[in-house]
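Please treat every number below as a calculation from the coordinates, not as lab data. Here the structure is a predicted model, which means the values were calculated and not measured. We place every Cβ from the backbone using ideal geometry, glycine too, and count neighbours over all the protein chains shown.
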Ligand code: SAH
């Protein structure tokens with residue numbers, strides 16, 4: 001698969017992520033990778049209107065006033081509450097998988113509106129990359145999340161993290177925690193979701209290529225994760241991850 005090159009839709013052409021704009025600042029500056037994108041791929045010039053988002057859930061209409069070597073200066077004309085964020089906070093806890101499939105999972109889960117993607121090294125994670133490799137991978141995944149958030153018109157960047165298994169289980173006290181396990185006799189997702197309550201935060205735990213060990217499933221259950229099946233077929237980790245986020249947004253979020 002040739003990587004996950006970002007599409008250049010209209011949203012993408014005009015949207016830029018800028019840290020901490022703040023609700024009533026008259027100006028903002030686009031720097032770094034976002035500035036390179038503005039000058040390089042998009043060749044925008046002064047006078048063009050752009051949309052900025054800072055991760056706070058606000059988005060800002062602005063006009064480029066000047067473009068310098070290190071920053072583009074944008075006059076803020078107005079701000080509005082973002083409409084593209086789901087009321088459901090989904091954290092995808094994903095066993096680290098090989099090649100550029102983590103990038104695929106980050107791109108698709110970001111488009112689908114997750115609030116966080118936490119990769120973890122489990123006992124069956126292969127290959128076990130070194131610290132340097134993990135750091136480079138994390139940087140790349142964060143960049144993919146920015147591009148996918150821009151392209152999909154989001155105003156918040158999902159949190160992208162890399163942790164150990166136990167740490168991932170304890171990151172937050174989610175209202176609903178589900179571990180996807182292809183073992184015998186586990187309940188279906190409908191059985192877990194169809195009980196009427198509408199949690200506002202969910203953790204979806206998906207294993208690496210080699211799946212979970214019994215001990216890992218037990219440890220997850222000990223942390224309040226409910227084992228759930230996804231039908232009789234064995235899905236690749238990335239298929240399971242993208243499917244469960246879609247199902248959760250449909251049932252509990254804003255895609256139904
Ligand atoms: N153990 C599998 C491979 C794991 S698939 C094998 O024997 O080949 C990677 C992950 O996707 C699993 O750990 C699980 O979290 C999820 N998954 C895949 N198919 C699933 C299913 N039918 N039900 C529940 N989870 C599934």
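Dividing the convex hull volume of the alpha carbon atoms of region 22-148 by its residue count gives 128 Å³ per residue. On the principal axes of its alpha-carbon atoms, region 178-256 has extents of 33, 25, 20 Å, going from largest to smallest.
Here the spin labels are modelled as points 7 Å beyond Cα on the Cα-Cβ line, and at residue 131 and residue 75 they lie 5.0 nm apart. Counting only alpha carbon atoms, the long axis of helix 237-252 and the longest principal axis of the chain meet at about 80°. Angle of helix 131-151 to the longest C-alpha principal axis of the chain, folded into 0 to 90 degrees and rounded to 10: 60°. Ordering 38-50, 157-169 by mean Cβ neighbour count within 10 Å, with the highest value first, yields 157-169, 38-50.
For the pair residue 209 and residue 41 in one chain, pulling the backbone fully straight at 0.36 nm per residue adds 56.9 nm over the alpha carbon distance.
May I have the convex hull volume per residue, in Å³, for the Cα set of region 25-85? Numbers along the way, then the final one.
Numbers: hull volume 5.4 nm³, N = 61.
Considering the Cα atoms of region 25-85, their hull volume per residue is 88 Å³.
For the chain, the longest principal axis of the C-alpha atoms and the axis of helix 101-111 are separated by about 70°. Taken along the Cα-to-beta-carbon direction at a fixed 7 Å, the label points for residue 124 and residue 138 span 2.6 nm.
Could you work out the per residue convex hull volume over the alpha carbons of the chain, in cubic angstrom?
Values: hull volume 34.3 nm³, N = 256.
So the per-residue hull volume is 134 Å³.
Model label sites at residue 219 and residue 19, defined 7 Å from Cα along the beta-carbon direction, differ in position by 3.3 nm. For the peptides 60-73, 98-111, residues were scored by their other Cβ atoms within 10 Å and the scores averaged per peptide; the highest-first order is 98-111, 60-73. Spatial offset of region 152-195 relative to region 70-138 amounts to 14 Å, using the alpha carbon center of each.
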